[in-house]
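Encoded as structure tokens, the structure appears first; notes follow it.
The values are calculated or read from the model by the stated rules, or taken from the named source; none is laboratory data. Small disclaimer: the values here were computed from a predicted structure and weren't measured. Positions of Cβ are backbone-derived with ideal geometry, glycine not excepted, and every protein chain shown enters the neighbour counts. Each accessible area value is taken on the protein alone, full model and side chains, heavy atoms only, with ligands, DNA and RNA left out. Shrake-Rupley method; radii C 1.70, N 1.55, O 1.52, S 1.80 Å.
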Amino acid sequence: MSIISWIILGLLAGAIAKLLLPGRDPGGIIGTTLIGIVGAFLGGWLSSRFLDRPISTDFYDTATWVAAIAGSLVLLIAYRLLFGNSRDRR
């Protein structure tokens, strides 16, 4: 897959992660979008590195989607844990 495909995959994975984990995010839609993109890259890298799963060149590979969504969920949870209460401190 090209870099553009990974960005599109990240945008979609971020949206799916947001649907699975609803609520207010400290960064809003921009932060969630960036977390989705980074999560897709992170999930793909981790699955290829530690699970011995090669990165597929097919955009519709189920394992790639699961890794991207899982990476986005992990980053979204970590982001909420680190910066989740920043709006309440006013």
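Mind listing whichever residues of region 57-90 are at pLDDT below 75, of a type in the set (Gly, Ala, Ser) and surrounded by 13 or more Cβ atoms within 10 Å (Cβ to Cβ)? Break it down stepwise before answering.
Start the filter on region 57-90 by keeping residues that are at pLDDT below 75, which leaves 57-61, 84-90.
Still in the list and also of a type in the set (Gly, Ala, Ser): 84, 86.
Correct list: Gly84 only.
So which residues in region 6-26 are open to solvent by 30 Å² or more (accessible area, probe 1.4 Å), among the small types (Gly, Ala, Ser) and closer than 15 Å to Tyr79 by Cβ, if there are any at all? Across region 6-26, the qualifying residue is only Gly23.
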